[in-house]
Structures are given as structure tokens and as C-alpha cells.
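The values are calculated or read from the model by the stated rules, or taken from the named source; none is laboratory data. This one's a predicted model, so the numbers in the text were calculated from it and none came from an experiment. Cβ sites come from the backbone with ideal geometry, for glycine too, and all protein chains shown count toward neighbours.
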2 protein chains.
Amino acid sequence: MAEGLRERKKRQTKQHISDVATGLFMERGFEAVTIAEIAEAAEVSVNTVYNYFPTKEDLFVDREEEVVDRPSRLVRERAAGQSAARALMDQLRQDIRERHAYVGLSEGYDRFRRVIVESPTLMARLFAIQGKAVHQLGVTLREEAAADPEDPRPDFIAHQLVGLQNAVLRSIIRGLAEGGGVDAVAEDALRKVDVMESLLSDTVLNYAVKNTP
Amino acid sequence: MAEGLRERKKRQTKQHISDVATGLFMERGFEAVTIAEIAEAAEVSVNTVYNYFPTKEDLFVDREEEVVDRPSRLVRERAAGQSAARALMDQLRQDIRERHAYVGLSEGYDRFRRVIVESPTLMARLFAIQGKAVHQLGVTLREEAAADPEDPRPDFIAHQLVGLQNAVLRSIIRGLAEGGGVDAVAEDALRKVDVMESLLSDTVLNYAVKNTP
DNA sequence: TTGATTTTTGGGGTGATTGCAAAATTGGTG
DNA sequence: CACCAATTTTGCAATCACCCCAAAAATCAA
């Protein structure tokens, strides 16, 4: 059965509210905008906003699940003969080369960043997301390496790998904030990835190599 | 001049409110207790509570600053000839041996933990604290190693070292939650620290060795 | 068009958090 | 000891996020 008008309209409404909210947040900051204002600007009732977004943060922090799951997914889908670390580092380098938003390299990311940094609520949310990503990746690594539940390595390796991504992201954000051009910052980030990679032990770099089928 | 009665009374009031609040949170959980209830139980007005504690979380999350600063302080005060990593790992092992609350090994930590885990608000706060600790340690490592502002290593090493502590803490909490005795869990944690240490590269383990004077 | 289903809305809370000014408390003074 | 000045506590009113419920409006299927 084809997807009905109802479904489409719901999606549109949700998207519309999200867009309006993001616009207002970008203009005036997260805390300064009230849900009531968003509802008014989007021409819906406050209750409708809550119908689609459980909390105010969710109006801004989109695709949380995707961000949390991506490292795990990349590991699961790594090529045969490739380690978990290599899969993530390769993708990280590619994200940088492609100026992907995942690593903060995209138009308008700057204002975006300011909105987040200026809101304790959003900062806390981001930290929580990162924590979830670490945990998720730890679970995945444990499975992929068939490690014992008592083995502390998967969790710690997850910390290291997510930490590396985070350090890169922060470095990029700082570079852009200081007025560096996107290309220069990206090149710089690639160099830093190399340096950080050299701080990983061989054990970590070669953890959970996928069996050749 | 000696500390006046006023100062003493303020401290007492603050402590009293904190104690009452903590007691209620432990009994009924964080979200289930309202500020009004705390005020009533402590026999002060709601405004007085806010006089001492800026937010509800602050009634529970005590000594945040101390937790954030401790890794940095330990690194700054490390012995001559000792690396940053070694200072932190040594202290971590000692905390475990001493059953220190820092690593979750102390009486009553279990209920404490449940209160936190069951409250998204508190979890978010803890993640934020950890984030701050990483950042703080990164700054300190950069100073101690006299590293260039562009050098990505201090930040990433900070991630690794705080991550290790975090992984240990989680392991301990899990062990206790599964009913392990404190001594057994502590012994286990020490073994895990060894394993995790073996996942750190030599570069990290020997970073920022303090000059002999 | 109708009846069922789903979405939107309105209205009425609760609870955290803030601002302000009055009231109570405390420290020292004469 | 009574009194003024500084400090703390309190009461009151608001704002805002968020929740619950029932009525109204929109949509779908027959």
C-alpha cells in the first residue's frame, strides 16, 4: 500500500516545525526562544510541537540516533581483513576530505556551533550523545571481537576511538572559529589525525580484524 | 579576624539543606522529589534553597569542581621523572586499593548510583563533568609538556586517560550491581587496569615526563 | 456522505527557576 | 541594652518547559 497523505503531511509538519525552530535558534540562541514562539511562528499549537518533539532540545539536535549508531555501523560493515580502528579512521579521513558535516566542515556550521556552545542544555545533550556513542561502540566491539563480558578492552578501545573523533572535531571547530579557511582547516585536520593515530597502540589499531570469508 | 557566626551559620544551613535533599533523593529518586518538599523538610523557604544551590542538580552533585580538577592536579603534582599517565594510573590503582569513593567503591554507593542512572538530568550532568575533566586535563597536559597550541596530542591523551578512568569506574559499578563483593570487585578492577594500560601506546605512557630538578 | 481513525488544539495543571521588595536576623556601636 | 547597617530569609508574582485530558478538526475508507 502506498504511503497515505496522512503520513506525508505528518512528515511535512514535523519538518516545518523543525525548520522554523532551527531558524529561530540560529537567530537568537537556544534559550532565548520559547516553545510558544516556535509554535506561533510555525502556525501550530504548542501541543502540536510537543506531539513531534519530546523536548526542546530535540527541536535542534536532529539525528541523534544516527550519530550514536554510525561508529558501530561502520565497524560492523568494515571490510574483510580490516580492523575496527582502521574502519573508523578511514571513514574519518574521508569525512574530512569530503568536508562532511559530521566533522563540522560545512557551510554555516559556525553559527550552529555558537548556538550549541552558548547553551548549557545543548552542551549537556551533546556530551550525553557522545557517551552513548562510546557505550554503543563498546557493545559492538565486544560482539565483533567475540570478547568475554569481563574483558575491559572493547569499552576502553571504544573510548579511545570516539575520543579521537572528538578531538578532531574540536580541533576543526577551533580552527574554523579562529578564522581558518575550510580547506586549510581540513588539511590540518588530516595531519592531526595522523599524529593521533600514532598515539594508538598496535593492539588497538589491530583490534577486531574482520575475518576473511 | 576569626570567622564570624554568620559565615558559620551559612555553611551549616547550606550543609543542612544538602543533607536533607540527598536523603530525600536517596529515598525516592531525583525527579520524584520537588524543591518545595526539600525546602519544607529542611525548614527553610524555597528561595533559601535557591540562595545556596543554583539548580536542583547542584543539590546532589557535590564537589563537581574537585572531580574536574583532580586529574589535572595529580598531573601537575607528579613526581620528578614520572609521566602524566603514570601519575594518573598510580593514583587510580591506589584509589582502588583504598576503596575510594572516587572509583565507586564505598558503602552505599549502590543506591547512589541508582539515583543517578535513573535520572536523565543527572546523567547528562555527569557526562558534562567528564567532558570538562577531559578538557581541563588537556589544558594541563599542554602546559606540562610545553606543547604547541596546534599539537593535537595533549587533548587526545587526555581523552585516553580520562577514558580509562571512566571505563574502570563503569566496570566497578557493573561488578557491584551484579552483586560482587567489594574486595572481589576491587581486585578485578586492578586486573582490568593492567589490561587497559597495555592498550596505551608507549608514547602516551611516557608523555610529559616531569623534569628532574 | 458517513463513521472510524488520527491529528490538532484548548485548557488546566505541576514544577524549576528568577526577580523583587518586605521582613527577620545578625554584627557591631554607643 | 537599644539601634543602625549589612546580610539573609521569605513571600509573591511570573516565566517557561512539559504533561494530561477531552473536545474539535482533518483524513481515510467504505
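Below are the figures for this structure:
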| item | result |
| --- | --- |
| Only one of B:Q160, B:Q136 that is more than 24 Å from B:K56 (Cβ to Cβ), away from chain A (no Cβ under 13 Å), in a helix (DSSP H, G or I) and at pLDDT 95 or above | B:Q136 |
| So A:Y102, is it touching a helix residue (DSSP H, G or I) at 6+ places or on another chain (Cβ under 6 Å) and not assigned by TED's automatic domain parsing to the domain that holds A:L190 | no |
| Within segment A:1-60, tally of residues that are in a helix (DSSP H, G or I) and either within 14 Å of another protein chain (Cβ to nearest Cβ) or within 12 Å of DNA strand C (Cβ to nearest atom) (or both) | 28 |
| Test set (1) within 14 Å of chain B (Cβ to nearest Cβ); (2) away from DNA strand C (no atom under 15 Å from the Cβ); (3) in a loop (DSSP other than H, G, I, E, B) - A:V68 fails condition number | (3) |
| Filter result for B:D148 (in contact with a helix residue (DSSP H, G or I) (Cβ under 9 Å, 6 or more places away or on another chain), among the charged types (D, E, K, R), farther than 17 Å from A:G163 by Cβ and modelled with pLDDT of 95 or more) | yes |
| Subset of segment B:163-213 [within 12 Å of chain A (Cβ to nearest Cβ) and outside any helix (DSSP H, G or I)] | B:E178, B:G180, B:S198, B:L199, B:L200, B:S201, B:N206, B:Y207 |
| Segment B:162-192, residues that are closer than 19 Å to B:R78 by Cα and out of contact with any Phe, Trp or Tyr (no Cβ under 7 Å at 6 or more places or on another chain) | B:V162, B:Q165 |
| Residues being closer than 23 Å to B:P213 by Cβ and free of Cβ contacts under 8 Å to residues at least 12 places away in the same chain - total across segment B:68-112 | 3 |
| Selection within segment A:71-106 - over 16 Å from the mean Cα position of the chain (by Cα), of a type in the set (D, E, K, R) and part of a helix (DSSP H, G or I) | A:R76, A:R86, A:D90, A:R97 |
